[in-house]
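Okay, so here's the structure we're looking at.
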Amino acid sequence: MRYDFIALGDITTDSFIELSEKHASVIEENGKKKLEMNFGDKLPYEDVVVVPAVGNSPNASVSAHRLGLRSGLATNMGDDRFGEEDIKALKEEGVDITYTKIHKGKGTNHHYVLRYKEERTILVKHHQYDYKLPDFKEPPKWIYLSSFAENSLPHHHEITEYVRTHDVKLAFQPGTFQMELGYDALKDVYEASELFFCNKQEAQRILETKESDIRALLEEMRERGPNIPVITDGVKGAYAYDGNEKWHMPMYPDPKPPVDRTGAGDSFSSTFTSAIALGEDIPTALSWGPINSMSVVQYIGAQEGLLTREKLLKYLEDAPPDYVPEKIS
(Lines give C-alpha, C1' and ligand atoms only; values in the text may rest on other atoms or scores of the structure.)
Protein backbone atom coordinates (compact mmCIF):
# COMPACT_ATOMS: atom_id res chain seq x y z
CA MET A 1 0.00 0.00 0.00
CA ARG A 2 1.08 3.54 -0.72
CA TYR A 3 1.76 5.76 2.29
CA ASP A 4 -0.69 8.63 2.72
CA PHE A 5 1.77 10.69 4.76
CA ILE A 6 5.50 10.47 5.50
CA ALA A 7 7.15 13.04 7.75
CA LEU A 8 10.80 13.97 7.24
CA GLY A 9 12.77 15.64 10.02
CA ASP A 10 14.75 15.15 13.19
CA ILE A 11 13.53 13.22 16.21
CA THR A 12 14.34 13.95 19.84
CA THR A 13 13.59 13.07 23.42
CA ASP A 14 12.21 16.00 25.43
CA SER A 15 12.85 16.32 29.16
CA PHE A 16 10.29 18.75 30.59
CA ILE A 17 11.67 20.44 33.70
CA GLU A 18 9.04 22.32 35.70
CA LEU A 19 10.72 25.32 37.30
CA SER A 20 9.88 26.51 40.77
CA GLU A 21 7.94 29.81 40.75
CA LYS A 22 9.92 30.77 43.87
CA HIS A 23 13.23 30.60 42.03
CA ALA A 24 12.31 31.66 38.47
CA SER A 25 10.25 34.43 36.93
CA VAL A 26 9.31 35.92 33.57
CA ILE A 27 10.16 39.52 32.78
CA GLU A 28 9.33 41.59 29.71
CA GLU A 29 11.88 43.75 27.93
CA ASN A 30 11.31 45.59 24.64
CA GLY A 31 8.15 43.62 24.01
CA LYS A 32 9.85 40.24 24.55
CA LYS A 33 9.36 37.86 27.45
CA LYS A 34 12.50 36.56 29.14
CA LEU A 35 12.99 33.77 31.63
CA GLU A 36 14.97 35.01 34.64
CA MET A 37 16.89 32.94 37.20
CA ASN A 38 19.86 33.76 39.41
CA PHE A 39 23.10 32.62 37.80
CA GLY A 40 25.26 30.39 40.01
CA ASP A 41 22.45 29.29 42.32
CA LYS A 42 21.40 25.72 42.95
CA LEU A 43 17.80 26.00 41.81
CA PRO A 44 15.17 23.53 43.03
CA TYR A 45 12.71 22.35 40.38
CA GLU A 46 9.20 20.96 40.83
CA ASP A 47 9.15 17.96 38.51
CA VAL A 48 10.63 16.40 35.36
CA VAL A 49 8.78 14.44 32.66
CA VAL A 50 10.68 12.64 29.90
CA VAL A 51 8.85 12.24 26.56
CA PRO A 52 10.49 10.16 23.78
CA ALA A 53 10.00 10.29 20.00
CA VAL A 54 8.99 13.93 19.63
CA GLY A 55 9.98 16.83 17.38
CA ASN A 56 8.03 18.61 14.64
CA SER A 57 8.03 15.71 12.19
CA PRO A 58 7.53 12.83 14.66
CA ASN A 59 4.65 14.80 16.19
CA ALA A 60 3.15 15.22 12.73
CA SER A 61 3.45 11.52 11.93
CA VAL A 62 1.64 10.57 15.15
CA SER A 63 -1.04 13.19 14.51
CA ALA A 64 -1.67 11.91 10.98
CA HIS A 65 -1.89 8.30 12.15
CA ARG A 66 -4.42 9.10 14.87
CA LEU A 67 -6.52 10.95 12.29
CA GLY A 68 -6.67 7.83 10.12
CA LEU A 69 -3.84 8.16 7.61
CA ARG A 70 -1.26 5.49 6.80
CA SER A 71 1.62 7.40 8.30
CA GLY A 72 5.38 6.89 8.43
CA LEU A 73 8.44 8.71 9.70
CA ALA A 74 11.78 8.98 7.92
CA THR A 75 14.26 10.20 10.50
CA ASN A 76 17.75 9.62 11.91
CA MET A 77 18.86 8.57 15.37
CA GLY A 78 21.80 7.09 17.24
CA ASP A 79 22.22 3.56 18.57
CA ASP A 80 21.86 4.66 22.18
CA ARG A 81 19.22 4.31 24.90
CA PHE A 82 17.30 7.35 23.71
CA GLY A 83 17.10 5.92 20.19
CA GLU A 84 15.78 2.61 21.54
CA GLU A 85 13.09 4.45 23.51
CA ASP A 86 12.14 6.49 20.43
CA ILE A 87 11.70 3.34 18.32
CA LYS A 88 9.56 1.71 21.01
CA ALA A 89 7.32 4.79 21.32
CA LEU A 90 6.81 5.08 17.55
CA LYS A 91 5.87 1.41 17.29
CA GLU A 92 3.37 1.81 20.12
CA GLU A 93 1.80 4.73 18.23
CA GLY A 94 1.45 2.67 15.04
CA VAL A 95 3.77 4.93 13.03
CA ASP A 96 5.67 3.05 10.32
CA ILE A 97 9.45 3.23 10.88
CA THR A 98 10.62 1.37 7.77
CA TYR A 99 12.57 4.42 6.64
CA THR A 100 14.04 5.41 10.00
CA LYS A 101 17.83 5.08 10.03
CA ILE A 102 19.94 4.19 13.07
CA HIS A 103 23.53 5.46 12.96
CA LYS A 104 26.08 3.36 14.82
CA GLY A 105 28.27 5.30 17.23
CA LYS A 106 26.05 8.40 17.02
CA GLY A 107 23.91 9.98 19.71
CA THR A 108 20.16 10.65 19.54
CA ASN A 109 18.86 14.18 19.96
CA HIS A 110 17.83 15.13 23.50
CA HIS A 111 16.25 18.51 24.28
CA TYR A 112 15.51 20.14 27.62
CA VAL A 113 12.27 22.07 28.05
CA LEU A 114 12.28 24.60 30.89
CA ARG A 115 8.63 24.99 31.90
CA TYR A 116 7.36 28.07 33.71
CA LYS A 117 3.59 27.82 34.15
CA GLU A 118 2.23 27.23 30.61
CA GLU A 119 5.22 28.88 28.89
CA ARG A 120 8.50 27.20 28.00
CA THR A 121 12.05 27.73 26.79
CA ILE A 122 13.68 24.82 24.94
CA LEU A 123 17.39 23.99 24.99
CA VAL A 124 18.06 22.20 21.71
CA LYS A 125 20.91 20.27 20.14
CA HIS A 126 20.66 18.55 16.77
CA HIS A 127 23.25 15.86 16.10
CA GLN A 128 24.48 16.07 12.52
CA TYR A 129 23.72 12.95 10.51
CA ASP A 130 24.48 11.98 6.93
CA TYR A 131 21.07 12.91 5.55
CA LYS A 132 19.87 10.90 2.56
CA LEU A 133 16.39 10.50 1.14
CA PRO A 134 15.12 6.93 1.63
CA ASP A 135 14.59 4.73 -1.38
CA PHE A 136 10.81 4.65 -1.15
CA LYS A 137 9.29 1.51 -2.66
CA GLU A 138 6.42 3.70 -3.80
CA PRO A 139 6.17 7.50 -3.58
CA PRO A 140 4.06 8.65 -0.61
CA LYS A 141 1.04 10.81 -1.38
CA TRP A 142 2.29 13.53 1.00
CA ILE A 143 5.67 14.43 2.39
CA TYR A 144 5.65 16.59 5.52
CA LEU A 145 8.96 18.44 5.87
CA SER A 146 10.17 20.13 9.05
CA SER A 147 13.19 20.58 11.36
CA PHE A 148 16.66 19.30 10.44
CA ALA A 149 20.18 20.06 11.69
CA GLU A 150 22.45 22.70 10.19
CA ASN A 151 24.24 20.36 7.75
CA SER A 152 21.00 19.41 5.99
CA LEU A 153 20.80 22.04 3.21
CA PRO A 154 21.73 19.63 0.36
CA HIS A 155 19.11 17.20 1.68
CA HIS A 156 16.40 19.85 1.20
CA HIS A 157 17.27 20.13 -2.49
CA GLU A 158 17.19 16.34 -2.77
CA ILE A 159 13.68 16.29 -1.28
CA THR A 160 12.50 19.05 -3.61
CA GLU A 161 13.80 17.21 -6.67
CA TYR A 162 12.00 14.05 -5.56
CA VAL A 163 8.71 15.90 -5.10
CA ARG A 164 9.02 17.52 -8.52
CA THR A 165 9.73 14.24 -10.31
CA HIS A 166 7.13 12.10 -8.55
CA ASP A 167 3.41 12.31 -7.85
CA VAL A 168 3.95 13.70 -4.36
CA LYS A 169 2.61 16.76 -2.56
CA LEU A 170 4.78 18.65 -0.08
CA ALA A 171 3.76 20.29 3.20
CA PHE A 172 6.50 22.50 4.66
CA GLN A 173 6.60 23.63 8.29
CA PRO A 174 10.04 25.24 8.67
CA GLY A 175 11.99 24.82 11.87
CA THR A 176 14.41 27.30 13.42
CA PHE A 177 17.41 26.40 11.26
CA GLN A 178 15.36 26.42 8.08
CA MET A 179 14.15 29.92 8.84
CA GLU A 180 17.70 31.03 9.67
CA LEU A 181 18.81 29.88 6.23
CA GLY A 182 16.53 32.48 4.68
CA TYR A 183 14.21 32.28 1.70
CA ASP A 184 16.82 32.30 -1.06
CA ALA A 185 18.65 29.22 0.21
CA LEU A 186 15.40 27.22 0.27
CA LYS A 187 13.66 28.90 -2.66
CA ASP A 188 13.11 25.55 -4.38
CA VAL A 189 11.44 24.14 -1.26
CA TYR A 190 9.01 27.05 -1.00
CA GLU A 191 8.19 26.79 -4.69
CA ALA A 192 7.53 23.05 -4.45
CA SER A 193 5.24 23.35 -1.40
CA GLU A 194 1.55 22.65 -1.76
CA LEU A 195 1.02 23.68 1.88
CA PHE A 196 3.16 26.01 3.98
CA PHE A 197 2.84 26.79 7.69
CA CYS A 198 4.28 29.45 9.99
CA ASN A 199 3.11 32.06 12.48
CA LYS A 200 2.87 35.79 11.83
CA GLN A 201 6.25 36.67 13.33
CA GLU A 202 7.93 33.88 11.37
CA ALA A 203 6.30 35.10 8.15
CA GLN A 204 7.69 38.59 8.76
CA ARG A 205 11.11 37.08 9.39
CA ILE A 206 11.07 34.89 6.28
CA LEU A 207 9.79 37.71 4.07
CA GLU A 208 12.11 40.27 5.71
CA THR A 209 9.27 42.70 6.22
CA LYS A 210 7.60 44.70 8.97
CA GLU A 211 4.25 44.28 7.26
CA SER A 212 1.64 43.48 9.91
CA ASP A 213 -1.46 42.99 7.77
CA ILE A 214 -2.06 39.24 7.66
CA ARG A 215 -3.72 39.48 4.24
CA ALA A 216 -0.65 41.10 2.74
CA LEU A 217 1.60 38.50 4.37
CA LEU A 218 -0.49 35.68 2.89
CA GLU A 219 -0.29 37.22 -0.58
CA GLU A 220 3.45 37.84 -0.41
CA MET A 221 4.11 34.36 0.93
CA ARG A 222 2.12 32.82 -1.90
CA GLU A 223 4.08 34.87 -4.41
CA ARG A 224 7.21 33.19 -3.04
CA GLY A 225 5.96 29.77 -4.09
CA PRO A 226 3.64 27.87 -1.71
CA ASN A 227 0.30 27.09 -3.30
CA ILE A 228 -1.60 27.41 -0.01
CA PRO A 229 0.17 29.42 2.72
CA VAL A 230 -1.31 29.14 6.22
CA ILE A 231 -0.34 31.70 8.86
CA THR A 232 -1.32 31.58 12.53
CA ASP A 233 -1.58 34.66 14.73
CA GLY A 234 -1.88 33.53 18.33
CA VAL A 235 -5.20 34.27 19.97
CA LYS A 236 -6.40 35.93 16.75
CA GLY A 237 -6.62 32.56 15.04
CA ALA A 238 -5.38 31.14 11.74
CA TYR A 239 -5.52 32.31 8.13
CA ALA A 240 -5.20 30.54 4.77
CA TYR A 241 -5.06 31.66 1.13
CA ASP A 242 -5.34 29.60 -2.06
CA GLY A 243 -4.80 32.39 -4.57
CA ASN A 244 -8.52 33.06 -4.92
CA GLU A 245 -10.00 33.17 -1.45
CA LYS A 246 -8.67 34.04 2.00
CA TRP A 247 -10.08 32.38 5.10
CA HIS A 248 -9.91 33.11 8.82
CA MET A 249 -10.57 30.68 11.67
CA PRO A 250 -10.77 31.68 15.34
CA MET A 251 -9.14 29.70 18.14
CA TYR A 252 -11.10 26.83 19.63
CA PRO A 253 -11.87 27.83 23.24
CA ASP A 254 -9.70 26.17 25.90
CA PRO A 255 -11.77 24.07 28.35
CA LYS A 256 -9.28 25.08 31.06
CA PRO A 257 -5.99 27.00 31.22
CA PRO A 258 -3.23 25.46 29.05
CA VAL A 259 -0.69 23.23 30.78
CA ASP A 260 2.07 23.34 28.17
CA ARG A 261 2.14 25.00 24.73
CA THR A 262 4.79 22.67 23.28
CA GLY A 263 3.51 21.13 20.05
CA ALA A 264 0.58 23.49 19.47
CA GLY A 265 1.96 24.56 16.09
CA ASP A 266 2.85 21.01 15.07
CA SER A 267 -0.62 19.74 15.90
CA PHE A 268 -2.30 22.54 13.94
CA SER A 269 -0.12 22.15 10.84
CA SER A 270 -0.24 18.34 10.76
CA THR A 271 -3.99 18.29 11.34
CA PHE A 272 -4.60 20.80 8.53
CA THR A 273 -2.40 18.70 6.23
CA SER A 274 -4.15 15.48 7.25
CA ALA A 275 -7.56 16.98 6.54
CA ILE A 276 -6.46 18.01 3.05
CA ALA A 277 -4.91 14.57 2.50
CA LEU A 278 -8.24 13.03 3.49
CA GLY A 279 -9.98 15.07 0.78
CA GLU A 280 -11.39 17.89 2.92
CA ASP A 281 -11.44 21.52 1.73
CA ILE A 282 -9.58 24.51 3.21
CA PRO A 283 -12.40 25.74 5.50
CA THR A 284 -12.78 22.25 6.96
CA ALA A 285 -9.02 21.86 7.41
CA LEU A 286 -8.94 25.25 9.16
CA SER A 287 -11.69 24.12 11.52
CA TRP A 288 -9.87 20.88 12.41
CA GLY A 289 -6.45 22.39 13.19
CA PRO A 290 -7.26 24.56 16.22
CA ILE A 291 -9.16 21.72 17.89
CA ASN A 292 -6.10 19.49 18.01
CA SER A 293 -3.99 22.44 19.21
CA MET A 294 -6.48 23.09 22.01
CA SER A 295 -6.28 19.47 23.08
CA VAL A 296 -2.47 19.22 22.92
CA VAL A 297 -1.85 22.19 25.23
CA GLN A 298 -3.88 20.51 27.97
CA TYR A 299 -1.04 18.00 28.48
CA ILE A 300 2.71 17.98 28.98
CA GLY A 301 4.43 17.18 25.71
CA ALA A 302 3.40 17.42 22.09
CA GLN A 303 1.64 14.08 21.56
CA GLU A 304 -0.48 12.94 24.50
CA GLY A 305 -3.33 15.27 23.61
CA LEU A 306 -3.43 14.47 19.88
CA LEU A 307 -6.94 13.40 18.96
CA THR A 308 -8.43 10.61 16.90
CA ARG A 309 -10.67 11.74 14.07
CA GLU A 310 -13.74 10.56 15.99
CA LYS A 311 -12.88 12.67 19.05
CA LEU A 312 -11.91 15.69 16.93
CA LEU A 313 -15.22 15.61 15.06
CA LYS A 314 -17.08 15.40 18.38
CA TYR A 315 -15.37 18.60 19.50
CA LEU A 316 -16.33 20.17 16.17
CA GLU A 317 -19.95 19.07 16.67
CA ASP A 318 -19.95 20.67 20.13
CA ALA A 319 -18.16 23.86 19.04
CA PRO A 320 -19.61 27.27 20.00
CA PRO A 321 -21.74 29.00 17.33
CA ASP A 322 -19.00 31.47 16.41
CA TYR A 323 -16.43 28.75 15.71
CA VAL A 324 -16.82 28.88 11.94
CA PRO A 325 -14.43 29.65 9.06
CA GLU A 326 -14.98 33.06 7.54
CA LYS A 327 -14.03 34.42 4.14
CA ILE A 328 -12.06 37.65 4.38
CA SER A 329 -11.34 40.18 1.65
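The values are calculated or read from the model by the stated rules, or taken from the named source; none is laboratory data. Just so we're clear, the structure is a prediction, and the values are computed from it rather than from any experiment. Ideal geometry is used to build each Cβ from the backbone, glycine not excepted, and the neighbour counts take in all protein chains shown. The accessibility values were calculated without ligands, DNA or RNA, using every heavy atom of the protein model including side chains. Shrake-Rupley method; radii C 1.70, N 1.55, O 1.52, S 1.80 Å.
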Only one of these conditions is not met by Val26: (1) more than 23 Å from Lys125 (Cβ to Cβ); (2) within 21 Å of the chain's Cα centre (by Cα); (3) touching a residue at least 24 places away in the same chain (Cβ under 8 Å). Which number is it? (2)
Which is assigned to a loop (DSSP other than H, G, I, E, B) and crowded, with 20+ Cβ neighbours inside 10 Å, of Asp10, Asp14, Asp41? Asp10
Please count how many residues of region 65-84 are buried (at least 23 other Cβ atoms within 10 Å of the Cβ), among the small types (Gly, Ala, Ser) and not in a strand (DSSP E or B). 1
Check whether at least one residue in region 254-263 is touching a His at 6+ places or on another chain (Cβ under 8 Å), open to solvent by 10 Å² or more (accessible area, probe 1.4 Å) and charged (D, E, K, R), and report yes or no. no
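Yes or no, residue by residue, for (1) surrounded by fewer than 22 Cβ atoms within 10 Å (Cβ to Cβ); (2) in a loop (DSSP other than H, G, I, E, B); (3) not aliphatic (A, V, I, L, M):
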{"residue": "Leu35", "(1), (2), (3)": "yes, no, no"}
{"residue": "Asp86", "(1), (2), (3)": "no, no, yes"}
{"residue": "Ala89", "(1), (2), (3)": "yes, no, no"}
{"residue": "His127", "(1), (2), (3)": "yes, yes, yes"}
Looking for something closer than 25 Å to Asn59 by Cβ and in a helix (DSSP H, G or I) - is there at least one such residue anywhere in region 166-175? no
Residue identified as open to solvent by 10 Å² or more (accessible area, probe 1.4 Å), farther than 24 Å from Gly263 by Cα and modelled with pLDDT of 95 or more among Glu194, Glu161: Glu161
Cβ-Cβ under 8 Å pairs, at least 6 apart or on other chains, region 31-50 side under 23 Å from Gly301 (Cα atoms) and free of Cβ contacts under 8 Å to residues at least 40 places away in the same chain, far side open to solvent by 100 Å² or more (accessible area, probe 1.4 Å) and of a type in the set (Asp, Glu): Lys34/Glu28
Residues that are at pLDDT below 95, at least 2 per element: which helices (runs of 4 or more DSSP H) completely within region 205-309 meet that? 264-277
Of all residues in region 231-253, which are polar (S, T, N, Q) and surrounded by fewer than 18 Cβ atoms within 10 Å (Cβ to Cβ)? Asn244
Give region 310-329 a look and list any residue that's touching a Lys or Arg at 6+ places or on another chain (Cβ under 8 Å) and either of a type in the set (Gly, Ala, Ser) or assigned to a loop (DSSP other than H, G, I, E, B) (or both), or say none. Ser329
